[in-house]
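The values are calculated or read from the model by the stated rules, or taken from the named source; none is laboratory data. Model, not experiment: these values are computed from the prediction. Here Cβ is always computed from backbone atoms with ideal geometry, including for glycine, and neighbour counts include all displayed protein chains. In case anyone asks, the SASA skips ligands and DNA or RNA and just uses the protein heavy atoms, side chains included. Shrake-Rupley method; radii C 1.70, N 1.55, O 1.52, S 1.80 Å.
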Amino acid sequence: MNEVKVEVIGPDPPCARCQAARKVAEKVAEKLKASGINVTVAKANAMSKDVVSKYGVLVSPAVAINGVVKIMGRIPGEAEIEKLVKDAVEKRV
Amino acid sequence: MAYSLAPTMKPADFHGLAVWEIPLAYLADYFSHGWICLLFAFTVAGIIYEFVPKDVVMKYMSSGRASGYALALIIAPFLTVCSCTMVPLFAGVLYAGSGIGPAITFLLMAPAANILSILLTGEMISWEVAGVRILASVAVALTAGIIISKTPWGKAIEREHQQNSADTRGTVEIVKPPLDERLTASLKFAAYLAKQILPYFLLGLVAVSYVEAYLPEDIVGTYLTGVTGILLASIIGGPLYTPTLVEIVLGRGLLELGMSKGALLSWLMGQPYDVANALAVSRIAKWKVVLTYMLIAWAGSVFFGLLYGALIGSL
């Protein structure tokens, strides 16, 4: 089973756009389960020290795939996230 | 008469209208002129936001204090058309070790001179006022940042959050979608902004119409001119501030009723001490810091109101 971690990074309490980004990520996770990729979606707080020291200052919403920020300051499309997740899987195989 | 981008009704035009007719007449007047300027402002804001190279900018912001102030001043107007990004960025700048000074500068500069409000100020009031507003905001934001970074309580916050600058190499690799998708995204963001702001903006316009219709000119002429006018405008402007651009329309209305230009500037600059943001910031920095920057912002708006009023002879 391929494991991919998708982090949606935004402020806490989340803003509307970050919630939208998270929904996209969750939809993709649901969809990819069938094809054997296990996607865990997590919410990370853009205002926590851990996140800032790991990723630097971010424009929210940001999306990190397996610890690499790929998207910053916009709501990604489903196809886009799906492709990023699949790329992450291929890179590891 | 040249085509005007701003409403053309004068306060006198409202006499003789029924109470329910006033907002309707005003809105009709506003939108027959103002729609193009609103459309332009939202679209430009959306496009700029999408095309600012956020990853590059953020890398610099994370890299420590060296160029912190300059960056904070330059970046703030472009990144913060959406108020929900501002406080997280403030926290980010602080936690990344850039120091409390640039963080405060950023926080004050962002609402005071974001592209949406500058465009609207320019189109509805005048480009001179918009320009002065930017200059004054830069001065105030910079002063507040520098002063706070020297206070004991500011330094305490900074020590608390001091850490090694984040090394983001390898953890940030932004993917760039093709140009057509980015253009669509920028328009979508413009629409999102409009959806967020316009409902409040409309309510604000209704309020403005009643102010123009019922507020007697002698009251404005007596209280919103001279030194008293500037003090009053700076105090009312603060709590009234909502991130909805209404202050611009209301400012224009009051100007028409006889408020001095000096007072207008104080009025427009009264934004940084808006309460909702202050609350959010106080969770990260201490109340003492919040109170200090509010005080400086207020003093700055009075000072620049007086200076501008004196220089152009409209006190």
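Quick rundown of the values:
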| quantity | calculated |
| --- | --- |
| Out of A:Val51, A:Val68, sole residue that is more than 7 Å from every other protein chain (Cβ to nearest Cβ) and open to solvent by 10 Å² or more (accessible area, probe 1.4 Å) | A:Val51 |
| Only listed residue being at pLDDT 85 or above and away from chain B (no Cβ under 14 Å), chosen from A:Glu90, A:Glu26, A:Glu78, A:Glu82 | A:Glu26 |
| In region B:128-137, the residues that are under 12 Å from the mean Cα position of the chain (by Cα) and not small (Gly, Ala, Ser) | B:Arg133, B:Ile134 |
| Considering residues of region B:179-207 that are within 11 Å of chain A (Cβ to nearest Cβ) and open to solvent by less than 70 Å² (accessible area, probe 1.4 Å) only, the residue farthest from A:Asn66 (Cα to Cα) | B:Leu193 |
| Test: A:Glu30 is charged (D, E, K, R), within 26 Å of B:Ile47 (Cα to Cα), open to solvent by 10 Å² or more (accessible area, probe 1.4 Å) and without any contact (Cβ under 8 Å) to a residue 40 or more places away in the chain | no |
| In region B:93-115, the residues that are surrounded by 24 or more Cβ atoms within 10 Å (Cβ to Cβ) and over 27 Å from A:Ser48 (Cβ atoms) | B:Ala112, B:Ala113 |
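Table: residues versus (1) closer than 14 Å to B:Val208 by Cα; (2) modelled with pLDDT of 75 or more; (3) not small (Gly, Ala, Ser).
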| position | (1), (2), (3) |
| --- | --- |
| B:Met1 | no, no, yes |
| B:Asp29 | yes, yes, yes |
| B:Gly34 | no, yes, no |
| B:Cys37 | no, yes, yes |
| B:Ala41 | no, yes, no |
| B:Met58 | no, no, yes |
